[in-house]
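Below is one structure, written out as structure tokens; comments come after it.
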Amino acid sequence: MNCKIREFISNKYFLYSLISIFILLTFFFISIAYWFQHPQKNNSTIILIQKGASLSQITKILTQQHLLNFPIYFKGILYGTGGWRQLKAGEYVIPPAVTPAQLIHILKSGNVILHPISLIEGETSYHLTQRLGQDSRFDGICEVSAEGSLLPETYHFPRGTARQKIVERMQASMQSLLTNVWAQRSSDHPLKTPQELVILASIIEKETSLSKERPIVAAVFLNRLKQGMPLQADPTIIYALTKGERDLMRDLTREDLVFESPYNTYLNLGLPPSPIANPGCDSLKAAANPANVSYLYFVADGTGGHIFATSLEEHQKNHAHWRKVRDKR
């Protein structure tokens, strides 16, 4: 009888223990579920998860940024579900009052901050390489690209992107655009290769910043080429003197115009041997489809634009007017 009583009591305590454990586990999982969907007391912030960071390192970063008040729950959920394998490195914007569930979703999404980097129309490859090399948002080294091989526009990359990868993206964009522009050039275009088109476009880019003038400037240079006249483009002299590595910071002199260089289009007929800058889309399109005009000359008008002429006599009058405008400044 005593044995049966002891067995009953023992079974009773075992059952109570099981019920207690079940209740505790229920409350535990309820608390985790509540915490998982409960907003944290954080402000909007930016975090950077380095490539190769462990779950413990990531958890530490999030805790330091006040994004987790129970880091052990965070680690437990990700370890238990295997979700830690899906976390992606990068720089993320974390909104205020984020829930742990939202936080995990953000870190799995890979939707990292993309940083802008712009290549300006007419910028040289050397200058871009120097500027990119000093930009701490990106990594690695990059070579100076061939002049005219990069397409000026604004690109977006994650922090830590290899600088050479950025340059390669600019090169691919230029090649894609050039292929399309060359295919749509005027039917009687005198230039023979896409590279010649880029050379001409780079000169147009440096001659005028006005989109409406570019097809006219293109026509002037192409008309001169057809007639066997030297281009006499001042930007080519500047490139000959600086190699695209610095600004000249002064006006050209008569001595500059006889500077010995294959880029001197006062001394040499035809196009220079390579582009003198990276031309933008508008200049490429202007070079491919010039205006239907017979102009052979142009000079600054003093307001940011140019005056065009078909004869040397007319051009000399326009030039005299420009000198008067310049001298009054």
- request: Apply 1/(1 + (r/R0)^6) to the Cβ-Cβ distance of residue 210 and residue 310, taking R0 = 22 Å, and write down the FRET efficiency to the nearest 0.05.
  value: 0.65
- request: Give me the angle, in degrees from 0 to 90, between the Cα long axis of helix 71-81 and the longest principal axis of the Cα atoms of the chain, rounded to the nearest 10.
  value: 90 degrees
query: ³J(HN,Hα) across region 126-143 via Karplus (A = 6.51, B = -1.76, C = 1.60, θ = phi - 60°), whole Hz, x for Gly/Pro?
result: 4, 5, 4, 5, 5, 5, 5, x, 8, 8, 5, 6, 10, 10, x, 10, 9, 7
- line: Once both label points are put 7 Å beyond Cα along the C-beta direction, the residue 139-residue 99 separation in nm becomes 3.4 nm
field: Packing rank of 312-319, 265-272, 119-126, where each peptide gets the mean count of other beta carbons within 10 Å, highest leading
entry: 119-126, 265-272, 312-319
- prompt: For region 186-327: lysine pairs with Cα atoms under 23 Å, gap of 8 or more or different chains, count?
  reply: 9
field: Debye, to nearest 20: dipole size of region 36-112, +1 on Lys, Arg Cβ, -1 on Asp, Glu Cβ
entry: 160 debye
query: For region 114-173, what is the Kirkwood estimate of the hydrodynamic radius, computed as the reciprocal of the mean inverse distance between distinct Cα atoms, to one decimal in Å?
result: 11.2 Å
task: Rounding to the nearest 20 debye, state how big the charge dipole of the chain is about its Cα centre with +1 on each Lys and Arg Cβ and -1 on each Asp and Glu Cβ.
output: 1780 debye
query: Please state the relative contact order of the chain as a whole percent: Cα pairs under 8 Å, 6+ residues apart?
result: 15 percent
message: Among 120, 270, 107, whose Cα projects farthest towards the positive end of the dipole of the chain, with charges put on the beta-carbon of Lys, Arg (+1) and Asp, Glu (-1)?
response: 107
field: Cα-based helix-to-principal-axis angle, 194-207 vs the chain, degrees rounded to 10
entry: 80 degrees
message: As I understand it, the dipole of region 201-329 uses +1 on the Cβ of Lys and Arg and -1 on the Cβ of Asp and Glu, about the Cα centre. Which of 325, 296, 211 lies farthest toward its positive end?
response: 325
- prompt: How high is the relative contact order of region 246-317, in percent, with contacts defined as C-alpha pairs under 8 Å that are six or more residues apart?
  reply: 15 percent
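Any idea what the dipole of region 114-173 comes to, in debye rounded to 20, about its Cα centre with Lys/Arg Cβ at +1 and Asp/Glu Cβ at -1?
On the way: 6 positive and 8 negative charges, 57 e Å.
With Lys and Arg at +1 and Asp and Glu at -1, about 280 debye.
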- line: Counting sequence-distant residues (5 or more places) and residues on other chains, those with an amide H built under 5 Å from that of residue 162 are 139
Projected-area average for region 36-87 over all orientations - Cα convex hull basis, square nanometres: 3.7 nm²
field: Exposure proxy order (Cβ contacts within 10 Å, fewest to most) of 247, 234
entry: 247, 234
task: Take the Cα pairs of the chain, get the Kirkwood Rh, then feed it into Stokes-Einstein at 37 °C and 0.692 mPa s and tell me D in µm²/s.
output: 130 µm²/s
task: Please name which of 232, 306, 52 has its Cα lying farthest along the dipole of the chain towards the positive end, using unit charges on Cβ (Lys, Arg +1; Asp, Glu -1) and the Cα centre as origin.
output: 52
message: What distance in nm lies between label points placed 7 Å from Cα along the C-beta direction at residue 227 and residue 162?
response: 5.1 nm
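Taking Cα pairs under 8 Å and at least six residues apart, what relative contact order does region 114-173 come out at, in percent?
Details: 85 pairs, mean separation 26.4, N = 60.
This gives 44 percent for region 114-173.
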- request: Pop a pseudo-label 7 angstrom from the Cα along the beta-carbon direction at both residue 81 and residue 241 and give the gap in nm to one decimal.
  value: 6.6 nm
- prompt: Does anyone have the angle between helix 163-183 and the longest principal axis of the chain? Alpha-carbon axes, 0 to 90°, nearest 10?
  reply: 50 degrees
message: Can you compute log10 of I(q)/I(0) for region 195-275 with the Debye formula, treating each Cα as one identical point scatterer, at q = 0.21 Å⁻¹?
response: -0.99
message: Can you return the lysines within cross-link range of residue 75? Criterion is Cα-Cα under 20 Å, with same-chain partners fewer than 8 residues away left out.
response: 41, 51, 60, 88, 108
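Just so you know, all these numbers are worked out from the coordinates, no wet-lab data involved. Small disclaimer: the values here were computed from a predicted structure and weren't measured. In this analysis, Cβ positions are derived from the backbone assuming ideal geometry, glycine residues included, and neighbour counts consider all displayed protein chains.
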